[in-house]
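Beneath this line is the structure, given in structure tokens, with notes to follow.
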Amino acid sequence: MYFGADYYPEHWPRERWEVDASMMKEANLNIVRLAEFSWSLMEPQEGVYNFAWLDDAIRVLSAQGLKVVMCTPTATPPKWLMDKHPDIYQVDRFGRQRGFGSRRHYCFNSSVYREYTEKIVTALAEHFKDNESIVAWQIDNEFGCHDNICYCDNCLEGFKKWCRDKYGSIENLNAEWGTIFWSQTYRNWDELIIPAYTECDTISGMTSRNTHNPSLMLDFRRFSSDSAVDYQKLQIDIIKRYTDKPITHNLMGHFSDIDYYNLGKDLDFISWDNYIRTPWGEAGYKETSMAHDLMRGIKNKNFWVMEQQSGPCGWNNLGSTPAPGQLRLWSYQAVAHGADAIVYFRWRACTFGTEQYWYGILDHDGKPRRRYREIQQTGSEFEKLTDLFVGAETVTEAALIKSYDNSWCHGIQYHVTGFDYNKILTQYYSGLADNGISLDVTSADTDLSKYKLVVMPAFNLMSDDLKERLEKYVTDGGNLLVTFRSGTKDWNNKMSTDTLPGYFKNLAGVEVEEFDALYGDRTAEVDGITGKGTASLWCDVIKPETAKVLATYSSDFYKGAAAITANEFGKGKVFYVGCDLDTCSMKALMKFIAQEAGLLPVLADLPEGVEAVRRISKGIEYLMVMNHNETEAQIKLDGEFTDMITGEKVRNDVKIQPYGVFALVR
Ligand code: GAL
């Protein structure tokens, strides 16, 4: 199993490199990622390439048996290039050009930048094509981190072409967008705009709202996402001409500005950057597991963690320090959800630059301490368990569907204050996880027939094609869950004239008579299969046609009306959830639905904060159990197992240490 660190030899004196390499080996690391921000060293002047320092670094590292992920350096175009071609900079929607001094300061659609990209990537690939230490390539770094939406002239021209390719004629575009509204009709392609600042935009405090035609805005989001995909492809095609080593890009988990399913198509494998405790917030363990499951769901294949938090971190201020045991626990959690490799960010905290406060395995002084020793231990355990871990399948029978198009649609018109698509997805994920059910988080394009349950919250934009596929899935015996704000729009972001829930009306066997957006602090009460529950965002007032009622409202003018229903359709069932729910009633609802769908928990009666995942490796089935609590917990096993980490036998009622982990084989 690859187990390593993100290393920046260029940040340290040459004489330290040997020390680092041998300390890495001592820590059981066997891989480093290199060079993703080092363009100014690779090409200090236009056309003058210098890879000697990288050759040297790889020589030093490989002498200790370390392998390399080589990166293209395009996330940080150098000063000479930006001075020569300032039109490479992104432009924000107020028309302001962004400047030099941080990173990712380029537009994907700049033809000049694409030419320079071709040159540096070609030079790099040519130079390193035969280097045996390189086992994989990473393109750029975190597309979209900071901002991927640009409003420059190149983007305007690119968007016109994108629309022409999509709609064929301007008349068709006008019809599909409904530009007759507010006299926005375009007479020809030249007149087309991008959704920059307009009269109606509101800016209050830090938030601003863009009020363009929703179809235009959605297409612009799609175009911006496609621009990143296309730019990545440019680099992949070059590298593939020189080497067949696998190519990846480091994604950002729940980040939703780029369609990761599309970005993932051109990659050989997915990798992602997993930060849990930062000054910008702390991810709950379910949120992190869900991000891992999504990363696995992009290609429905195992993935790497390319940056795994290894210390306290922040830019100007710091998040909490990972407690003893957490670095190890987080690494096992990643593996349990499908990581075939873990690379820690970063080897050592840097003494200069924006990320001086971003601690790595080592502090600034370079001395091994608690975190180093914990990673060393984890590495030695992983080494022994390689066969059990790498390539193992994480067993799931249910899927949560995430759609980037829907995420953008909800972002453009968010229905009611507080509506957050990703939060709603997380609530469903947690509702199932709280009942011990493992999930794939994946695209609606995935073959759904293998799942007993498919959960599609707030799937607002719909197509006839998807409707047909879902009808077939349910007819053949699948269970489908849909919610409020599902099926109300076509794929171009226009409202359907079908009675709500629009595209899902037949499947769900209900009509939505009316709805209530719960503005401000208003809540509504629900009762039924959920127990007594509370909605705080939205209530669809449901008129069942063929569906049975599972819960009703117990407050407000719609008291007594159906809130949640189940409809038999073919051999399967469709659950319609008309309102949002609090944690407790969501758990109760998902318990009922899991039972209806025939889903069994991985381990019954798990205490809060303990997670169990079933995996299969070369025919061997095993359970990974992780205690995310800072206190000991007790789990119930049915019989005797061997913990593959310690070799000890465990049976029936077992204590699991704070931040403890088991890998149990019967
Ligand atoms: C990631 C990024 C790294 C580093 C790290 C800490 O998002 O890929 O380059 O910046 O965060 O901020």
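The values are calculated or read from the model by the stated rules, or taken from the named source; none is laboratory data. A quick note: this is a predicted structure, and the numbers were derived from the prediction, not measured. A quick note on method: Cβ atoms are made from the backbone with ideal geometry, for glycine too, and the neighbour counts reach across all protein chains shown. The protein model used for the area step is the full one, side chains on, heavy atoms only, and it has no ligands, DNA or RNA in it. Shrake-Rupley method; radii C 1.70, N 1.55, O 1.52, S 1.80 Å.
Report the calculated FRET efficiency for residue 620 and residue 445 (r = Cβ-Cβ distance, R0 = 41 Å), to the nearest 0.05. All intermediate terms of the calculation are to be shown ahead of the outcome.
On the way: r = 31 Å, r/R0 = 0.76.
Step by step, r from the Cβ atoms, then E = 0.85.
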* **Relative contact order, percent, the chain [alpha-carbon distance under 8 Å, six or more residues apart]** => 10 percent
* Structure fact -> Interchain or sequence-distant (5+) residues whose placed amide H lies within less than 5 Å of the amide H of residue 637 are 652, 653, 654
* **Cα gyration tensor of the chain - equivalent ellipsoid semi-axes, whole Å, descending** => 41, 36, 20
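Just the ratio, please: alpha-carbon radius of gyration of the range 339-460 over 2.2 N^0.38 Å, N its number of residues.
On the way: Rg = 20.5 Å, N = 122, 2.2 N^0.38 = 13.7 Å.
Expressed relative to 2.2 N^0.38 Å, the Cα Rg reads 1.50.
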* Consider just the alpha-carbon atoms of the range 90-189 and return their Rg together with their Dmax, both in angstrom. => 19.0, 62
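Based solely on its DSSP helices, what 222 nm [θ] is calculated for the chain when runs of n ≥ 4 H residues each add -39,500 (n - 2.57) and the sum is averaged over all residues, nearest 500 deg cm²/dmol? Please list the in-between numbers first.
Details: 17 runs with 206 residues, N = 666.
Helices in the chain give a 222 nm mean residue ellipticity of -9500 deg cm²/dmol.
Among residues other than residue 301 whose Cβ falls under 15 Å from its Cβ, what is the net charge (Lys/Arg +1, Asp/Glu -1)? Can you show the working numbers first?
Working: positive: 265, 296, 299, 450, 615; negative: 266, 268, 293, 340, 393, 440, 445, 447.
Here the count lands on -3.
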* Residue-wise HN-Hα coupling along the range 244-253, computed from phi with Karplus coefficients 6.51, -1.76, 1.60 (Hz; x: Gly, Pro) -> 9, 5, x, 10, 9, 9, 8, 8, 10, x
* To do: Report, to two decimal places, the Cα Rg of the range 14-169 normalised by 2.2 N^0.38 Å (N = number of residues).
  => 1.24
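Please find the FRET efficiency linking residue 165 to residue 94, where r is the Cβ-Cβ separation and R0 is fixed at 35 Å, and quote it to the nearest 0.05. Before the final figure, lay out the partial values.
On the way: r = 28 Å, r/R0 = 0.81.
About 0.80, to the nearest 0.05.
Å³ per residue of the Cα convex hull, for the range 223-299? Provide the component values of the computation, followed by the final result.
Details: hull volume 7.5 nm³, N = 77.
Taking only Cα atoms, the range 223-299 has a hull volume of 97 Å³ per residue.
Sort 554, 102 from largest to smallest accessible area, using a 1.4 Å probe on the heavy atoms of the protein chains. Walk me through the intermediate numbers first.
Working: 554 50, 102 90 Å².
I get 102, 554, largest accessible area first.
Residue separation times 0.36 nm, minus the C-alpha to C-alpha distance between residue 413 and residue 557: what's the value?
Details: separation 144, 0.36 × 144 = 51.84 nm, distance 2.60 nm.
Length gained between residue 413 and residue 557: 49.2 nm.
How big is the range 411-505 by the Kirkwood estimate over distinct Cα pairs, in Å?
Values: mean 1/r = 0.0701 Å⁻¹.
Radius from the Kirkwood sum: 14.3 Å.
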* Between residue 345 and residues 5 or more places away or on another chain, which pairs have amide H atoms under 5 Å apart, with H built 1.01 Å from N, and which residues are they? -> 6, 308, 309, 310
* Asked: Once the whole set of protein chains is in place, how much accessible area is left on residue 252, using a 1.4 Å probe, in Å² to the nearest 10?
  -> 40 Å²
* Asked: Just how much of residue 200 is accessible, in Å², when a 1.4 Å probe is used and the result is rounded to the nearest 10?
  -> 70 Å²
* Structure fact -> For the range 80-89, in residue order, the Karplus 3J(HN,Hα) values (coefficients 6.51, -1.76, 1.60; θ = phi - 60°; whole Hz; Gly and Pro = x) are 4, 6, 5, 5, 6, 10, x, 6, 6, 4
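In the structure displayed, which of 166/489; 265/505; 265/423; 472/571 lie more than 21 Å apart, Cα to Cα? It would help to have the intermediate numbers written out before the result.
On the way: 166/489 19 Å; 265/505 33 Å; 265/423 26 Å; 472/571 10 Å.
Beyond 21 Å between Cα atoms: 265/505; 265/423.
Report, to two decimal places, the Cα Rg of the range 1-100 normalised by 2.2 N^0.38 Å (N = number of residues). All intermediate terms of the calculation are to be shown ahead of the outcome.
Working: Rg = 16.9 Å, N = 100, 2.2 N^0.38 = 12.7 Å.
This ratio for the range 1-100 stands at 1.33.
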* **Base-10 log of normalised Debye intensity for the range 518-666 (one unit scatterer per alpha-carbon) at q = 0.20 Å⁻¹** => -1.08
* For the range 111-235, calculate the relative contact order in percent as a whole number, restricting contacts to Cα pairs under 8 Å that are 6 or more residues apart. => 30 percent
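Filter the GluC sites (Glu not before Pro) in the range 123-203 down to the DSSP loop ones having no more than 15 other Cβ atoms within 10 Å, then list what survives. Display every interim value, and only then the final one.
Working: sites: 126, 132, 142, 157, 171, 176, 191, 199; in loops: 132, 142, 199.
Answer by residue number: 132, 199.
Starting from the Cα coordinates of the range 595-666, work out the convex hull volume and express it per residue in Å³. Walk me through the intermediate numbers first.
Numbers: hull volume 6.9 nm³, N = 72.
Spread over its residues, the Cα hull of the range 595-666 gives 96 Å³ apiece.
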